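A.B. asks: Before I ask anything, here is the structure I am working with.
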Amino acid sequence: MLILGGTNEGRRLAKRLAGDARYRTLLSYAGRTERVRAPDSAHRIGGFGGAQGLADFLREHAFDALVDSTHPFAARISANAVAAAALTGTPLLRLARPRWRPLPGDLWTEVPSMEAAAEALGSAPRRVFLTVGRLEIAAFLRAPQHDYLVRAIDAFETGLPRARVIAARGPFSFEAEHQLLVEQRIELLVSKNSGTPLTYEKLAAARALGLPVVMVERPHVPEARETASLEGVVEWLATLHGAPST
Ligand code: NAP
């Protein structure tokens, strides 16, 4: 089985199946981060060359199943997975985290894109906590009046006049997030609706402090069969091969 990863779930799935003699997995990374956390199981790094390249890869290595466990904002690879599965007849399952929903006390403004998030910050200068990566920061160049605290897995040059980058990988605790927001005198947060528990606590801390959050909604991806859990993948695999799930 080919697992498209780059997420905690992808790693966990590969690990979960590593102990099961019925399956052989290859975990695929795009290679975006400098510090790939190599899993114990087999993995590869790098793009395939579009949907056709992925289809060729599936055929070449005779994969029986494809699991798309990429981040919900990685829309291109998910679209490629749907196309490549159709081209090759490979069964495809998407392992997708449910989106976060606002709870009582949350002050969210939901927006469709990073560009809309930058607009939603308003014209008056504010102290903003941004949890976005190198590829998304450009959207905020249109709002250079704000003081940004940017948290990403790898440090990078933002191009923003007043920004500080902290390189860190989750999980982050409620206490640590609360302390960070208070110490940095953050007035507003921007977050992608990734749905991962690893980075949820910043939202709980914002709720506790009464801080507004600009929540960027997920991009559109073509429909595919989905599950929200590792167990859902295991059950699906069992139905493919007629084997009982363990
Ligand atoms: P993307 O825009 O959907 O994909 C861009 C290209 O990167 C794809 O067309 C593909 O290249 C290659 N690619 C993406 N994921 C791959 C994988 N797992 N294995 C091999 N090639 C892959 O993706 P992205 O938003 O840049 O994200 C890249 C990776 O970072 C993904 O694995 C994703 O799970 C992870 N990630 C993304 C985010 C985010 O917010 N976007 C957050 C956390 C983790 P080819 O067309 O050449 O095959």
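A.B. asks: Can you run the Rg to Rh ratio on region 24-127? Use alpha carbon positions and the Kirkwood inverse-distance Rh. All intermediate terms of the calculation are to be shown ahead of the outcome.
C.D. replies: On the way: Rg = 18.3 Å, Rh = 16.6 Å.
Computed over Cα atoms, the ratio is 1.10.
A.B. asks: Then there's this: Simple spin-label model, 7 Å along Cα-to-Cβ: THR33 to ALA168 in nm?
C.D. replies: 1.5 nm
A.B. asks: How big is D, in µm² s⁻¹, for region 107-216 by Stokes-Einstein at 4 °C and 1.567 mPa s if Rh is the Kirkwood radius over C-alpha pairs?
C.D. replies: Details: Rh = 13.8 Å.
Once the numbers are plugged in, D ends up at 94 µm²/s.
A.B. asks: I need two numbers for the chain: Rg to one decimal and Dmax as a whole number, Cα atoms only, in Å.
C.D. replies: 19.5, 61
A.B. asks: To make sure I understand, if each residue's beta carbon is the centre and we count other beta carbons within 10 Å, what order do PHE48, PHE129, PHE63 fall in, fewest to most?
C.D. replies: With the fewest neighbours first, PHE48, PHE129, PHE63 line up as PHE63, PHE48, PHE129.
A.B. asks: Follow-up question, since we're still on this one. Whose amide H sits under 5 Å from the amide H of VAL216, counting only residues 5 or more places off or on another chain, with H placed in the peptide plane?
C.D. replies: Amide H neighbours of VAL216: VAL111, SER191, LYS192, ASN193.
A.B. asks: What net charge do the residues around ARG185 carry, taking every other residue with its C-beta under 12 Å from that of ARG185, with Lys and Arg at +1 and Asp and Glu at -1?
C.D. replies: -1
A.B. asks: Taking the Cβ of GLU226 as the center, what net charge do the other residues with Cβ under 14 Å away carry, scoring Lys and Arg +1 and Asp and Glu -1?
C.D. replies: Neighbourhood net charge equals 0.
A.B. asks: Run the numbers for GLN184 and ARG225: contour at 0.36 nm per residue of separation, minus the present Cα-Cα distance, in nm.
C.D. replies: Going from the current span to full extension adds 10.5 nm.
A.B. asks: Right, another one. Could you give the length gained by full extension between THR196 and ALA83, i.e. 0.36 nm per residue of separation minus their alpha carbon distance, to one decimal place?
C.D. replies: 38.1 nm
A.B. asks: Excluding SER78 itself, calculate the net charge of residues whose Cβ lies under 12 Å from the Cβ of SER78, where each Lys or Arg counts +1 and each Asp or Glu counts -1.
C.D. replies: 0
A.B. asks: For a quick check: sort SER123, SER194 by the number of other beta carbons within 10 angstrom, fewest at the front.
C.D. replies: Ordered by Cβ neighbours within 10 Å, fewest first: SER123, SER194.
A.B. asks: Kindly write out, for region 188-193 in residue order, the coupling ³J(HN,Hα) from the Karplus curve 6.51 cos²θ - 1.76 cosθ + 1.60 (θ = phi - 60°), rounded to whole Hz, with x marking Gly and Pro.
C.D. replies: 7, 10, 10, 9, 7, 7
A.B. asks: What are the residues whose amide H is under 5 Å from the amide H of ARG94, where those residues sit 5 or more places off or on another chain and H is modelled from the backbone?
C.D. replies: Counting only residues 5 or more places away or on other chains, the set is ASP68, ARG225, GLU226, THR227.
A.B. asks: For the chain, what does the helix formula give at 222 nm: sum of -39500 (n - 2.57) over DSSP H segments with n ≥ 4, over the residue count, nearest 500 deg cm²/dmol?
C.D. replies: My calculation for the chain gives -9000 deg cm²/dmol from helical runs alone.
None of the figures in this text is laboratory data; all of them are computed from the coordinates on show. Remember, predicted model here, so these are calculated numbers, not experimental data. Methodologically, a virtual Cβ is constructed for each residue, glycine included, from the backbone with ideal geometry; neighbour enumeration extends over all protein chains shown.
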